[in-house]
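Student: Supplied in structure tokens, the structure appears directly below.
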Amino acid sequence: METIEVLVRASETHDAKRVAALRADLLKQISAASKTSKLDAVERPSGDRLAAILVLTGGVEREVLKLIAQLPPPTLLIAHPTYNSLPASLEILARIRQDGGEGKILFGGPEEIAAGLEGELTIAKAWEGLTFSRIGLIGEPSDWLVASDVDRAFLKGRLSVELISIAMDDLLSEIEAVSPTKKEVSRFKRGAKNVNGDADENVSSSVAIYQGLKSVIDANRLAACSVRCFDLVTRLGQTGCYALSRLNDEHIPAGCEGDLQSLFSLYVAFLLSGQAAFMGNITSVDPADRTLCMAHCTCPLSMTAQYSITTHFESDLGVGIAGTIPIGPCTVFRLGGERLDRLFVREGETEETSTRDDLCRTQVRISIDGPVGELLEAPLGNHHILLEGHHRATIETFFERYLRS
């Protein structure tokens, strides 16, 4: 379990025994309500862990303000309903904001406070995971991606991310060097509802592409990557759809077509949720019904109720994945702009979807809890990310704290 440091501050004017009992009781209750973390009461922050300040009583405002100088923003204040804890916290946060700082008060029952702390820990760990990452761009972005590039100087300067450019020839060499075993080929086919005859003979090549791509990722120590995947179609007559599907299921965010904005969206989705996500084309938008449809020829198999192995839509070559995404809560989002300083995010529900033969193989219809006309009026680009579960608040907090200019 992750450790959260708690710095407790109380006024000396109160009865020491009562204050000590209150302190022990609050920490015990919050710790018991925590599902993925534990609390460690400390006198001074270590600088290595998320830290929060428990404002145990009133009268500690100036002491807490001095303590804040030792902590990175935002300041997390834990307050409770007695001993003037909340009034003191309100005064402290007001001063923090007057001084141009950031902070928030976690107030309520132990479950609410524990959930707030764990949410903050998730966001802090996601930022820690993103910074200093090595991200691979294998081949250049596809020619049709005219609004999806990222400022390399921004990646290096603001995010401390190293973008590793890798030639497609390097990937092709790795693919040529591998020979998939029958066990590996069977693994993919065995889980399928059915296998299209035209695709069946290409399953082995799809597994070889996965193995070659994994070799490139391992050799370059990549945390995530995007591939100019249509070059696999034109140069090999094969596709990377299975490779990208499997890599995402292995918690290596891997995107299509060299789309860097969508890759970072995919990566952030994983860092914040711990889940694989679906990167798809927006194929229709209905503002009146507040629905949209997404489709692509690859999808993490972990997101599907079932899948079929068929051919790639545009080329009718290689292997495409026709996955059925089950009905349930979801989040659709995308980071946009060359500095990733724009955001589209909506929550909704995936619906039962009728499959069409004029779209990419995995198709999903989504009912959105809010307006979707923005996609037709001010889109950030084509590809968007579909993530199981409702994550809008977490994504928005991460974006506001670390990416918005």
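Student: Could you identify the single residue in PRO87, PRO72 that is surrounded by fewer than 17 Cβ atoms within 10 Å (Cβ to Cβ), in the same structural domain as GLN29 (by TED's automatic domain parsing), under 20 Å from ARG23 (Cβ atoms) and without any contact (Cβ under 8 Å) to a residue 40 or more places away in the chain?
Tutor: PRO87
Student: Which of the residues spanning region 38-61 are assigned to a loop (DSSP other than H, G, I, E, B), farther than 7 Å from LEU7 by Cα and of a type in the set (Val, Ile, Thr)?
Tutor: If the condition is that a residue be assigned to a loop (DSSP other than H, G, I, E, B), farther than 7 Å from LEU7 by Cα and of a type in the set (Val, Ile, Thr), then THR57, VAL60 are the ones that fit.
Student: Same structure, new question: State whether one or more residues within region 158-167 are farther than 25 Å from GLY274 by Cα, touching a Leu at 6+ places or on another chain (Cβ under 7 Å) and surrounded by fewer than 16 Cβ atoms within 10 Å (Cβ to Cβ).
Tutor: yes
Student: Now, a different point. Any chance you could count how many residues in region 71-86 are part of a loop (DSSP other than H, G, I, E, B) and at negative phi?
Tutor: Adding up the residues that qualify gives 7.
Student: Tell me the residue from VAL216, VAL207, VAL233, VAL178 that is surrounded by fewer than 19 Cβ atoms within 10 Å (Cβ to Cβ), assigned to a helix (DSSP H, G or I) and in the same structural domain as GLU140 (by TED's automatic domain parsing), please.
Tutor: Testing whether each residue is surrounded by fewer than 19 Cβ atoms within 10 Å (Cβ to Cβ), assigned to a helix (DSSP H, G or I) and in the same structural domain as GLU140 (by TED's automatic domain parsing) leaves just VAL233.
Student: Now, a different point. How about region 337-393: which of its residues are closer than 27 Å to VAL146 by Cα, outside any strand (DSSP E or B), of a type in the set (A, V, I, L, M) and touching a helix residue (DSSP H, G or I) at 6+ places or on another chain (Cβ under 9 Å)?
Tutor: LEU340, LEU380 - these are the residues of region 337-393 that are closer than 27 Å to VAL146 by Cα, outside any strand (DSSP E or B), of a type in the set (A, V, I, L, M) and touching a helix residue (DSSP H, G or I) at 6+ places or on another chain (Cβ under 9 Å).
Student: Which one is nearest to GLU12 (Cα to Cα) among residues in region 79-120 that are touching an Asp or Glu at 6+ places or on another chain (Cβ under 6 Å) and among the hydrophobic types (A, V, I, L, M, F, W, C)?
Tutor: It comes out as ALA88.
Student: Can I ask one more? For residues that are free of Cβ contacts under 8 Å to residues at least 60 places away in the same chain, outside the structural domain of SER89 (by TED's automatic domain parsing) and of a type in the set (A, V, I, L, M), scanning just region 106-157, find the one that is surrounded by the most Cβ atoms within 10 Å (Cβ to Cβ).
Tutor: Selected residue: LEU155.
Student: Can I ask one more? With (1) at pLDDT 95 or above; (2) closer than 14 Å to GLN238 by Cα; (3) surrounded by fewer than 17 Cβ atoms within 10 Å (Cβ to Cβ) as the list, and ASP198 as the residue in question, which single condition is left unmet?
Tutor: Of the numbered conditions (1) at pLDDT 95 or above; (2) closer than 14 Å to GLN238 by Cα; (3) surrounded by fewer than 17 Cβ atoms within 10 Å (Cβ to Cβ), the odd one out for ASP198 is (1).
Student: In the set ILE282, ILE252, which member is more than 20 Å from CYS330 (Cβ to Cβ), of a type outside the set (D, E, K, R), in contact with a helix residue (DSSP H, G or I) (Cβ under 7 Å, 6 or more places away or on another chain) and surrounded by fewer than 24 Cβ atoms within 10 Å (Cβ to Cβ)?
Tutor: That would be ILE252, the only listed residue that is more than 20 Å from CYS330 (Cβ to Cβ), of a type outside the set (D, E, K, R), in contact with a helix residue (DSSP H, G or I) (Cβ under 7 Å, 6 or more places away or on another chain) and surrounded by fewer than 24 Cβ atoms within 10 Å (Cβ to Cβ).
Student: Between a first residue in region 313-325 that is more than 15 Å from ILE209 (Cα to Cα) and modelled with pLDDT of 95 or more and a second residue that is assigned to a strand (DSSP E or B) and of a type in the set (A, V, I, L, M, F, W, C), which pairs have beta carbons less than 6 Å apart while being 6 or more apart in sequence or on different chains?
Tutor: ILE325/VAL364
The values are calculated or read from the model by the stated rules, or taken from the named source; none is laboratory data. None of the values given here were measured: they were computed from a predicted structure. As a convention, Cβ positions derive from the backbone with ideal geometry for all residues, glycine included, and neighbour counts pool all protein chains shown.
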